[in-house]
Amino acid sequence: MGCDRKRTGFEICLSKLVKNVGCCELFYDSAQISMETRVAQTLSDFNSRQKKQVCKDLIIWRKPNQNYWSESNIPLCIIEWKHNLLKPDNADINWLISFTRQDPECFGIALNVDTFPNYSLQAVKIEKGNITDGKWINV
């Protein structure tokens, strides 16, 4: 599953996101995209035994070449994905709800890519601690 997840992320990153660089004022450079980058653990998930930072699948930063989270360096968007689950993962959705409530300048996308038996893509959009579109992408 690890290789599939990395491959799926790489394909999304190159085939979809890079083609959309410049589509809006906030997303203007491919160097805003980073994969497997650390951000703060959410307050609701943090306890003394957990790491203070966790890696997330794909992050779009506000400026090119940003590759770290800090209290003054909040991502524009965090994308979490899974492969062949038939729908976006509830744990990812809940984490993104918590993170975007904590850092409302960031929005989140939880998605699932199915490749067997047929290709499909489903995504949920999360903003300011709420699911704003439960079927943001459904193809």
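The set of residues from the range 16-36 being surrounded by 13 or more Cβ atoms within 10 Å (Cβ to Cβ) and not in a strand (DSSP E or B) comprises L17, V21, Y28, S30, A31, Q32.
Restricting L111, L121 to those that are part of a strand (DSSP E or B), surrounded by fewer than 20 Cβ atoms within 10 Å (Cβ to Cβ), in contact with a Leu (Cβ under 7 Å, 6 or more places away or on another chain) and of a type outside the set (D, E, K, R) reduces the list to L121. Residues in the range 105-118 that are touching a strand residue (DSSP E or B) at 6+ places or on another chain (Cβ under 8 Å) and over 13 Å from G134 (Cα atoms): C106, F107, V113, D114, T115.
Going through the range 1-49 one residue at a time, which ones are modelled with pLDDT of 70 or more and of a type in the set (F, W, Y)? If the condition is that a residue be modelled with pLDDT of 70 or more and of a type in the set (F, W, Y), then F27, Y28 are the ones that fit. If you filter the range 76-106 down to residues that are of a type in the set (D, E) and within 22 Å of K16 (Cβ to Cβ), you find that the one that is surrounded by the fewest Cβ atoms within 10 Å (Cβ to Cβ) is D89. When V39 is tested against the conditions (1) crowded, with 16+ Cβ neighbours inside 10 Å; (2) closer than 28 Å to V139 by Cα, the lone failure is (2).
Only one of the listed residues (F99, F27, F116) is touching a residue at least 60 places away in the same chain (Cβ under 8 Å) and at negative phi. That residue is F99.
Restricting the first member to the range 65-90 and to residues that are under 20 Å from Q41 (Cβ atoms) and in contact (Cβ under 8 Å) with a residue 12 or more places away in the chain, and the second to residues that are of a type in the set (F, W, Y) and surrounded by fewer than 19 Cβ atoms within 10 Å (Cβ to Cβ), the beta-carbon pairs closer than 8 Å and six or more apart or on different chains are L76/F27. Among the residues of the range 124-139, those that are hydrophobic (A, V, I, L, M, F, W, C) and either in contact (Cβ under 8 Å) with a residue 40 or more places away in the chain or surrounded by 15 or more Cβ atoms within 10 Å (Cβ to Cβ) (or both) comprise V124, I126, I131, W136, I137.
For the range 110-137, give me each residue that is among the hydroxyl-bearing types (S, T, Y) and under 15 Å from C77 (Cα atoms). Answer for the range 110-137, where residues must be among the hydroxyl-bearing types (S, T, Y) and under 15 Å from C77 (Cα atoms): just T132. Scanning the range 50-106 for residues that are modelled with pLDDT under 90, among the hydroxyl-bearing types (S, T, Y) and outside any loop (DSSP other than H, G, I, E, B) yields a count of 1.
The values are calculated or read from the model by the stated rules, or taken from the named source; none is laboratory data. Note that the coordinates shown come from a computational prediction; the quantities given were computed from them, not determined experimentally. All Cβ positions, even for glycine, are placed from backbone atoms using ideal geometry, and neighbour counts span all protein chains on display.
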